[in-house]
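A.B. asks: Handing you a structure now.
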């Protein structure tokens, strides 16, 4: 990825993604935090596109920005106004230290390790290949995932039933 | 100046640590869920970056993995939010500092 | 391949743009053609939508006036034709109030973001063979993804207004969008199963190649998509999110002036988008069995689009508003099972067709007849099953809603 367009795209999208994630931490209003979270999801979808993962990028928007964030917004709305602040517990400082340590460790490993990089082909369409892999090589995980989804759906309905 | 694998890994690492901090330190149950979703996203980004830079171009295993993670994340979000609703209904709060039934 | 004809060939305006881009690529830096094509495409789409809006805002009021046995706007210009321009001036000149306790940033952002999904849909819409801004290989999935994010700006509008009616409208809208998303996606899946591609131009090409439209092969899916689409765009038979008689104006109660204008605009744009999706996926897009050789393809596409939009206007003028529990129950109890059965039969048919290497001319008419019979049988059977055929659902006198089992506030058990 040497051309100007993808470099600019990468930096803009990274700044948007990380900036929005930081705002999730910083803002005091939980609804604003969810909105910034959605922005972060969309930024990650953009990063997928710079990695020529078209199918995953669209899926990211569909599931994360369209479904999960709407679920979260719904949950926030169904709880009262007093529960809508985004404050920290007394574990703020230990959490900060631990998160920083993990981030530094992962980042250092990522920088130090000599990744065995393969030659990058041109952009290829992944949707058909993913479909074939899902129903061929990964058919058992695929079925298990559908069972998990069904179980989660039944579980969620049973949990929130009023009777 | 070009964009390499390490750039994507750094973005993933930063995103992961932000998500970890949110999951560890937020007082609101929904906020913790948001942190977990951020961590999922960071890991997905790393997987796709490896799929692009390390594995051969014909191999889409990384993408398939991300599709599975997204699926499980959706299931997890639905369940976690249902739990938050139930906790709110029973305890009138989703502040995890005050949910200490099993503490001692 | 795209540049089939000379640049002056108006049957495909993509030719002229293609020539321009080629010339720019030869004479300028690498990035210039991309920027130019993005600009030309975006400006064309916005201009097309705004012109359609100006015409249809007036036409809709005239048509509904005719349907309801009154005249409609007839004062501004001949037959009231400049009414839309007068309305636009009114929207711009009125004061855009921000209520005191509103969440200022979100309140301002929502009307801007609400237009985006409806506009972005047209990026993958083929107006003609070469007239498509981005021929994505995941086009159908892109439509679904964009449709799913429309809930967020509406939610932002409803929440930031700090008004109970706005919030109720937003909650209704989000619940409705989530429910109708599922039959909508399942209806689109039938198309992808038959055409074996998610590329919009590929789907149009498949329908052209087999000399058929997918509406004949997927009649039930078209009906489901049409109903679900009508719910998504939030127009009168299903506009429970802004039902005037129940919750003032729903999520845009607090909006006025140009900010309200944006919501109004977005509603129309979304209507055009749904009509364009149906025209492309089920009605053959810019093809009409060879007529596209003589008539510009984009004209054929526009005729189909406007014809479908007229159906929405007709529905708005004819049908009364549904109750929210009826609407939600309809999505889960009727549309979802029917869409699943439809997918099952579509998959079965394509399997039979592909595994036995049958000729398309032989099997497709059979599938069309079989699916039409299936659709009629399923709809009738489902209506009977859900009890709509029973005598108590065929009223002979006016009844209160609580006799029908609806929850009446203050009297629930």
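The values are calculated or read from the model by the stated rules, or taken from the named source; none is laboratory data. Predicted model only: the values in this text are computed from it and were never measured. Neighbour counts run over all protein chains shown; Cβ positions are idealised from the backbone, glycine included.
A.B. asks: Would you be able to tell me the number of residues in segment A:41-51 that are at the interface with another protein chain (Cβ under 7 Å from one of its Cβ atoms) and under 12 Å from the mean Cα position of the chain (by Cα)? Can you show your working first?
C.D. replies: Narrowing segment A:41-51 to residues at the interface with another protein chain (Cβ under 7 Å from one of its Cβ atoms): A:41, A:44, A:47-48, A:51.
Now drop any that are not under 12 Å from the mean Cα position of the chain (by Cα), which leaves A:41, A:44, A:47-48.
The number of residues fulfilling the criteria is 4.
A.B. asks: Go through (1) in contact with a helix residue (DSSP H, G or I) (Cβ under 7 Å, 6 or more places away or on another chain); (2) within 7 Å of another protein chain (Cβ to nearest Cβ); (3) over 30 Å from residue A:128 (Cα atoms) and name the single condition residue B:32 misses.
C.D. replies: So residue B:32 meets the others, but not (2).
A.B. asks: Another question about this same structure. Just the residues that are loosely packed, with under 15 Cβ neighbours inside 10 Å, without any contact (Cβ under 8 Å) to a residue 40 or more places away in the chain, within 14 Å of chain A (Cβ to nearest Cβ) and assigned to a helix (DSSP H, G or I), please, taken from segment C:29-63.
C.D. replies: Those that are loosely packed, with under 15 Cβ neighbours inside 10 Å, without any contact (Cβ under 8 Å) to a residue 40 or more places away in the chain, within 14 Å of chain A (Cβ to nearest Cβ) and assigned to a helix (DSSP H, G or I): C:31, C:32, C:34, C:35.
A.B. asks: Among (1) in contact with a helix residue (DSSP H, G or I) (Cβ under 9 Å, 6 or more places away or on another chain); (2) loosely packed, with under 14 Cβ neighbours inside 10 Å; (3) part of a helix (DSSP H, G or I), there is one condition residue C:75 misses while meeting the rest; what is its number?
C.D. replies: (3)
A.B. asks: Follow-up. Of all residues in segment C:342-359, which are at negative phi and exposed (fewer than 14 other Cβ atoms within 10 Å of the Cβ)? Outline the logic, then answer.
C.D. replies: Applying the first criterion (at negative phi) to segment C:342-359 yields C:342-356, C:358-359.
Answer for segment C:342-359, where residues must be at negative phi and exposed (fewer than 14 other Cβ atoms within 10 Å of the Cβ): C:344, C:348, C:351, C:352, C:354, C:355, C:356, C:358, C:359.
A.B. asks: For segment B:49-58, give me the residue count where each residue is surrounded by fewer than 22 Cβ atoms within 10 Å (Cβ to Cβ), facing another protein chain (nearest Cβ under 7 Å) and under 19 Å from residue A:106 (Cα atoms). Explain how you work it out, then say what you get.
C.D. replies: Applying the first criterion (surrounded by fewer than 22 Cβ atoms within 10 Å (Cβ to Cβ)) to segment B:49-58 yields B:50, B:53-58.
Still in the running and facing another protein chain (nearest Cβ under 7 Å): B:53-57.
From the residues that got through so far, the ones that are under 19 Å from residue A:106 (Cα atoms) too are B:53-54.
Qualifying residue count for the region: 2.
A.B. asks: Of the residues C:290, C:297, which single one is without any contact (Cβ under 8 Å) to a residue 60 or more places away in the chain, more than 20 Å from residue C:188 (Cα to Cα) and more than 20 Å from the chain's Cα centre (by Cα)?
C.D. replies: Details: C:297 fails: without any contact (Cβ under 8 Å) to a residue 60 or more places away in the chain.
Unique residue meeting the criteria: C:290.
Matching residues to (1) in contact (Cβ under 8 Å) with a residue 12 or more places away in the chain; (2) away from chain C (no Cβ under 11 Å); (3) within 12 Å of the chain's Cα centre (by Cα):
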| position | (1), (2), (3) |
| --- | --- |
| A:22 | no, yes, no |
| A:27 | yes, no, no |
| A:35 | no, no, no |
| A:59 | no, no, yes |
| A:62 | no, no, yes |
| A:77 | no, no, no |
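A.B. asks: Checking residue A:127 against (1) modelled with pLDDT under 85; (2) over 30 Å from residue C:332 (Cα atoms); (3) more than 8 Å from chain B (Cβ to nearest Cβ), which single condition isn't satisfied?
C.D. replies: (2)
So that you can scan it fast, the table gives a plain yes or no per residue for (1) closer than 30 Å to residue B:95 by Cα; (2) more than 7 Å from chain A (Cβ to nearest Cβ); (3) within 12 Å of the chain's Cα centre (by Cα); (4) surrounded by 24 or more Cβ atoms within 10 Å (Cβ to Cβ):
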residue	(1), (2), (3), (4)
B:7	no, no, no, no
B:23	yes, yes, yes, no
B:26	yes, no, no, yes
B:39	yes, yes, yes, no
B:44	yes, yes, yes, yes
B:47	no, yes, no, no
B:60	no, no, no, yes
B:65	no, yes, no, no
